[in-house]
Amino acid sequence: TTWKKCCFSGDGEYICAGSARQHALYVWEKSVGNLVKILHGTKGELLLDVVWHPVRPIIASISSGLVSIWAQNQVENWSAFAPDFKELDENVEYEERESEFDITDEDKSIDMSNEAKMDEEIEVDVCRVEQIAAFCSSDEEYDDSNSLQFLPMAPEVEDPEDGWNSQDNPNPGENAENSAPNGNHVNRKKKTKTYDIHLEHSPADEQHPLLQNRTKEKQPIAMKKGGARSRK
């Protein structure tokens, strides 16, 4: 086979030669000497010249005024593109918006109607008292805010024991004033404040256990006082 033209690749690893009888290119590997590829052009045309690209694996061959470009098939990996990627047949000049790369969209129109609706739908709770996390312990369990936690009550003592008056009246002068002229000690009851608390879903007919015990204790004491008056 007579050769028309011969050239090396850009990196010098391959040799390309064109046949003089037909439009055919033969590519050899220089280090081994094996024939790697045979490229067949248009039939009936003779090869005039062949050139290899200095950097890329592209070969250009000329025959009868026609230039043939030989290159590798490009495999397109569409999974590497974004979902909204569009293939264009020709170049399109892109017009960039002013706020495209801004963190906050300054050109966005403010919709006051939506903000007004949001303000109307928000309910402000002014009755609930939330616990402050800084003053709460992690060991404490969650308590129901609607439950009754403390009921103030002052006990009434009918027959005080010895030493009770000394705690209430530390001044001896007050004890002398409270004593009767005949020497009998008179106990003055302290005035207690009563509170009416309305409990939801509570039985209205039943009497409180503390009030039941109080009425039972008052009955024998009243009988003792009546007997003492009859003796006088």
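The numbers here are math on the coordinates, done by the rules we state, and not lab data. Everything quoted here is computed from the prediction, not taken from an experiment. Here the Cβ positions follow ideal geometry from the backbone for every residue, glycine too, while neighbour counts run over all protein chains shown.
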- For residue 43, state whether it is surrounded by fewer than 17 Cβ atoms within 10 Å (Cβ to Cβ) and not β-branched (Val, Ile, Thr). yes
- Note on the structure: Condition set touching a strand residue (DSSP E or B) at 6+ places or on another chain (Cβ under 8 Å) and without any contact (Cβ under 8 Å) to a residue 12 or more places away in the chain, scope segment 39-67, selection nearest to residue 18 (Cα to Cα): answer is 60
- Query: Among the residues of segment 57-77, is any β-branched (Val, Ile, Thr), over 60 Å from the mean Cα position of the chain (by Cα) and in a loop (DSSP other than H, G, I, E, B)?
  - Reply: no
- Note on the structure: Over segment 54-102, the set of residues within 19 Å of residue 38 (Cβ to Cβ) and surrounded by 10 or more Cβ atoms within 10 Å (Cβ to Cβ) is 57, 58, 59, 60, 61, 62, 63, 68, 70, 71
